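A.B. asks: Pasting in a structure now, in structure tokens, and then I'll have a few things to ask.
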Amino acid sequence: MSEPRIRALALCVFHHQGKILVNQFVDADTQQTLFRPLGGGIDFGEHSARAIVREVQEELGQSINHLRLIGTLESLFTFAGKPGHEIVQVYDARFDDPSLYQRAHLDARESDGAPFVARWHDSRSFSEGTPLVPQGLGELLKNAGLLD
């Protein structure tokens, strides 16, 4: 059994007309629906901004620009019955391809090849029962003017 560790994570918020692009998934243990922006782990020796560029390329096959750090969150949570601890760098960026903002959803792939669909959601999609994660992200985005 591996020792618990703190994971360094970078997430990117793409926003358009009051909506943000998120992946919807379900905690298999609690059956709770969760929403999270795109992104992933920061590799050792990799700057978090570079991790965002890499993750978006891997997940969507898209390039981005105007990358800016919005803030940092510390997330303590339980997922699938296991405790987690993440330090999360949250970025805002724009897609190089403006047509992506007109699509209702974007087909994507996890690093293990598993497919997922990223969709545009406004703040009404998120609640205590169906939260935007990590905790504190909604407030950070509202303070930055990226979510109503």
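The values are calculated or read from the model by the stated rules, or taken from the named source; none is laboratory data. Note that the structure is predicted; figures quoted are calculated from it, not measured. We place every Cβ from the backbone using ideal geometry, glycine too, and count neighbours over all the protein chains shown.
A.B. asks: Within the bounds of segment 121-139, is there any residue that is farther than 23 Å from Ile70 by Cβ, surrounded by 12 or more Cβ atoms within 10 Å (Cβ to Cβ), at pLDDT 95 or above and not aliphatic (A, V, I, L, M)?
C.D. replies: Checking segment 121-139: not a single residue is farther than 23 Å from Ile70 by Cβ, surrounded by 12 or more Cβ atoms within 10 Å (Cβ to Cβ), at pLDDT 95 or above and not aliphatic (A, V, I, L, M).
A.B. asks: Sticking with this structure for a sec: What are the pairs, 6+ residues apart or on separate chains, where a residue within segment 46-67 that is touching a residue at least 40 places away in the same chain (Cβ under 8 Å) and within 19 Å of Arg36 (Cβ to Cβ) has its Cβ under 8 Å from a residue that is among the small types (Gly, Ala, Ser) and part of a helix (DSSP H, G or I)?
C.D. replies: Leu67/Ala49
A.B. asks: Moving to a separate point now. Any chance segment 68-79 includes a residue that's more than 22 Å from Leu147 (Cα to Cα) and surrounded by fewer than 12 Cβ atoms within 10 Å (Cβ to Cβ)? Reasoning before the result, please.
C.D. replies: Step one: list which residues in segment 68-79 are more than 22 Å from Leu147 (Cα to Cα), which gives 76-79.
Those still in the list that are surrounded by fewer than 12 Cβ atoms within 10 Å (Cβ to Cβ) too: 76, 78.
Within segment 68-79 (the criterion being more than 22 Å from Leu147 (Cα to Cα) and surrounded by fewer than 12 Cβ atoms within 10 Å (Cβ to Cβ)), the answer is yes, since at least one residue qualifies.
A.B. asks: So, one more: Whether any residue in segment 50-58 is at pLDDT 95 or above and either touching a Lys or Arg at 6+ places or on another chain (Cβ under 7 Å) or of a type in the set (Lys, Arg) (or both) is what I want to check.
C.D. replies: yes
A.B. asks: Mind counting the residues in segment 79-103 that are acidic (Asp, Glu) and either in a strand (DSSP E or B) or under 21 Å from Arg7 (Cβ atoms) (or both)?
C.D. replies: 2
A.B. asks: What are the residues in segment 114-130 that are over 19 Å from Gln32 (Cβ atoms) and in a loop (DSSP other than H, G, I, E, B), if any?
C.D. replies: If the condition is that a residue be over 19 Å from Gln32 (Cβ atoms) and in a loop (DSSP other than H, G, I, E, B), then Ala114, Asp122 are the ones that fit.
A.B. asks: Sticking with this structure for a sec: Would you check which residues across segment 25-55 are surrounded by fewer than 19 Cβ atoms within 10 Å (Cβ to Cβ), within 20 Å of Arg124 (Cα to Cα) and in contact with an Asp or Glu (Cβ under 9 Å, 6 or more places away or on another chain) and list them?
C.D. replies: Thr33 - this is the single residue of segment 25-55 that is surrounded by fewer than 19 Cβ atoms within 10 Å (Cβ to Cβ), within 20 Å of Arg124 (Cα to Cα) and in contact with an Asp or Glu (Cβ under 9 Å, 6 or more places away or on another chain).
A.B. asks: Suppose the filter is of a type in the set (Phe, Trp, Tyr) and at pLDDT 95 or above; does Phe25 pass it?
C.D. replies: no
A.B. asks: Further, regarding this structure: Looking only at segment 104-113, how many residues end up being over 16 Å from Glu55 (Cβ atoms) and either part of a strand (DSSP E or B) or without any contact (Cβ under 8 Å) to a residue 12 or more places away in the chain (or both)?
C.D. replies: Of the residues in segment 104-113, 1 are over 16 Å from Glu55 (Cβ atoms) and either part of a strand (DSSP E or B) or without any contact (Cβ under 8 Å) to a residue 12 or more places away in the chain (or both).
A.B. asks: Can you tell me which of Leu73, Leu69 is under 13 Å from the mean Cα position of the chain (by Cα) and part of a strand (DSSP E or B)? Give the derivation first.
C.D. replies: Details: Leu69 fails: under 13 Å from the mean Cα position of the chain (by Cα).
Only one candidate passes the filter, namely Leu73.
Per-residue answers, yes or no, for (1) touching a strand residue (DSSP E or B) at 6+ places or on another chain (Cβ under 6 Å); (2) basic (Lys, Arg); (3) under 23 Å from Asn143 (Cα atoms):
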residue: Pro4; (1), (2), (3): no, no, no
residue: Ala10; (1), (2), (3): yes, no, yes
residue: Val22; (1), (2), (3): yes, no, yes
residue: Ala28; (1), (2), (3): no, no, no
residue: Val56; (1), (2), (3): yes, no, no
residue: Gly61; (1), (2), (3): no, no, no
residue: Val88; (1), (2), (3): yes, no, yes
residue: Arg94; (1), (2), (3): yes, yes, yes
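A.B. asks: Evaluate the following for Ala144: is it buried (at least 17 other Cβ atoms within 10 Å of the Cβ), under 17 Å from the mean Cα position of the chain (by Cα) and closer than 21 Å to His16 by Cβ?
C.D. replies: Judged against the criteria, Ala144 is not a match.
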